[in-house]
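Visitor: Can you keep this structure in mind? I'll have questions shortly.
The values are calculated or read from the model by the stated rules, or taken from the named source; none is laboratory data. Every value quoted in this text rests on a predicted model; they were computed, and no experiment measured them. Glycine gets a Cβ as well: all are built from the backbone with ideal geometry, and neighbour counts include every protein chain shown. For accessibility, only protein heavy atoms count, side chains too; no ligands or nucleic acids. Shrake-Rupley method; radii C 1.70, N 1.55, O 1.52, S 1.80 Å.
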Amino acid sequence: MKSTNENNRDRTIRSGLSLFFTRVWSGWKYELAGFVLLAFSWIAVTQFIFTRPELYHFKGFLPGPTLAALADAFQNTKFWTSVFASLRRIIVGIGISASIGLPLGVLIGFFARLRKLTYSSIQFVRMISPLSWMPVALLLFSSFESAVHFLIVMATICPIILNTAIGVMDINPQWIKMALNQGANNVQLIQTIVIPYSIPHMMTSLRLALGIAWIVLVPAEFLGVSSGLGYLINDARDTMEYDKLMAVIIAIGILGFILDRVFQKMQHKFSWAWAGDA
């Protein structure tokens, strides 16, 4: 026979597991309902617009031809070559932004005078559309690949700097005072307090940068590269293969959604690790 404490513990575990799976299922249930609603909206809108006789040549935008083209694309080596080319550009661009933006964000958040000196300038640059840098990119760089990397950097570096700086500024000032009273210098403060406790904000800034980079990537790839998702859209438009064009658009949404979910899981993992260290 089990003791009262063991029975209570078993009930607590069962209750906790039941609550966990209920929340997971409820979350997925709402997400699935949202996707179904989005799919029906797409079907209704395209059926209403592109089944008209005067727009019959745009029938490729209908769900049937689009899904058939999407299935073909998933089996096409050229499609996956373009996907990996786009992912490589995203990784390189965000990598450059992170290597510059994260240290700058830490310093700007930590040193008040530096923050006052740079804040307005960063906000000014942030408000410039990343795509307006296209002519500059073509003049500065001899290859289209480098120009795309430059555009991604210009789109993502300011959000990374600002969100990282906000994370540093949110640190409890009492921790800084306690460390200073114990003889810590600025380098030690940054290494032992500022960076560890800013990691959640850094991860948030990188996730935000990923979303911005994914949006900027496609028009950036119109510059003249011979691979990438933007190239596939441009090629489908020029050849008037509207089913392929819409299929690539849907694929961009699917891939972007997956990337965001993967990064969200990483973000939660780092946040839990940070909370455990704290």
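Visitor: I'd like the full set of residues that are small (Gly, Ala, Ser) and part of a helix (DSSP H, G or I), limited to region 226-252.
Guide: Answer for region 226-252, where residues must be small (Gly, Ala, Ser) and part of a helix (DSSP H, G or I): 230, 236, 247, 251.
Visitor: Please list, ordered by first then second residue, the pairs with beta carbon atoms under 8 Å, 6 or more apart or interchain, first in region 198-213 and under 23 Å from residue 172 (Cα atoms) and at pLDDT below 90, second outside any helix (DSSP H, G or I) and open to solvent by 30 Å² or more (accessible area, probe 1.4 Å).
Guide: What qualifies is 201/170.
Visitor: Quick test for you: out of 252, 212, 233, pick the one residue that is open to solvent by 30 Å² or more (accessible area, probe 1.4 Å) and among the aliphatic types (A, V, I, L, M).
Guide: It is 212.
Visitor: Which one of the conditions (1) open to solvent by 30 Å² or more (accessible area, probe 1.4 Å); (2) without any contact (Cβ under 8 Å) to a residue 24 or more places away in the chain does residue 179 fail to meet, given that it meets all the rest?
Guide: It is condition (1) that residue 179 fails.
Visitor: Would you please name the residue that is farthest from residue 205 (Cα to Cα), looking only at residues in region 86-117 that are surrounded by 14 or more Cβ atoms within 10 Å (Cβ to Cβ), free of Cβ contacts under 8 Å to residues at least 60 places away in the same chain and of a type in the set (D, E, K, R)?
Guide: Out of the qualifying residues, it is 88.
Visitor: So residue 218 fits all but one of (1) open to solvent by 80 Å² or more (accessible area, probe 1.4 Å); (2) of a type in the set (A, V, I, L, M, F, W, C); (3) modelled with pLDDT under 90; what number is the exception?
Guide: Among (1) open to solvent by 80 Å² or more (accessible area, probe 1.4 Å); (2) of a type in the set (A, V, I, L, M, F, W, C); (3) modelled with pLDDT under 90, residue 218 violates only (1).
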